[in-house]
């Protein structure tokens, strides 16, 4: 059986797709201890998924950290609108489809100077 081409890396696709929404870098699954100095920050994390051999169905969580509620909320919604305007072709791969599993909502953060919104999406990538 021939080797199949790999699917795009969902982290790289999202970083490429969302990069122009903020000045600071979009991070992978880990926040740096001093991330608050660079807010707003977008963090993208793969938290599971499935495939059908042709399409990779990836569950991604997108977190937004900001110094105030409005920035965190508005940036979270900008991310959602961007993802939902699929398909997207990036240098890291093609995002064929996006569905919102949990729309952006605020969660408490231990430091009250940080506001935090999170959302979950199901993304589809073809080989």
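Here the spin labels are modelled as points 7 Å beyond Cα on the Cα-Cβ line, and at residue 67 and residue 86 they lie 3.5 nm apart.
What is the chain's relative contact order, in percent, from Cα pairs under 8 angstrom and six or more apart in sequence? Present the calculation step by step, with values, prior to reporting the outcome.
Numbers: 268 pairs, mean separation 35.4, N = 127.
Value for the chain: 28 percent.
Placing R0 at 35 angstrom, the Cβ-Cβ distance between residue 3 and residue 122 gives a FRET efficiency of 0.85 after rounding to 0.05. Per DSSP H run of n ≥ 4, the term is -39500 (n - 2.57); total these for the chain, divide by its residue number, and report the mean residue ellipticity at 222 nm rounded to 500 deg cm²/dmol. Computed mean residue ellipticity for the chain: -6000 deg cm²/dmol.
For the pair residue 38 and residue 105 in one chain, pulling the backbone fully straight at 0.36 nm per residue adds 22.0 nm over the alpha carbon distance. In this rough spin-label picture, where each label sits 7 Å from Cα along the Cβ direction, the residue 55-residue 29 distance is 2.5 nm.
If you run the Gaussian network model on the chain, springs between alpha carbon atoms under 10 Å, then out of 95, 18, 54 the most flexible one is 54.
All of the numbers you see were taken from the coordinates with simple rules; none came from a lab. Source: prediction; values computed, not measured. Because the Cβ atoms are built from the backbone with ideal geometry, glycine has one as well, and the counts that use them run over all protein chains shown.
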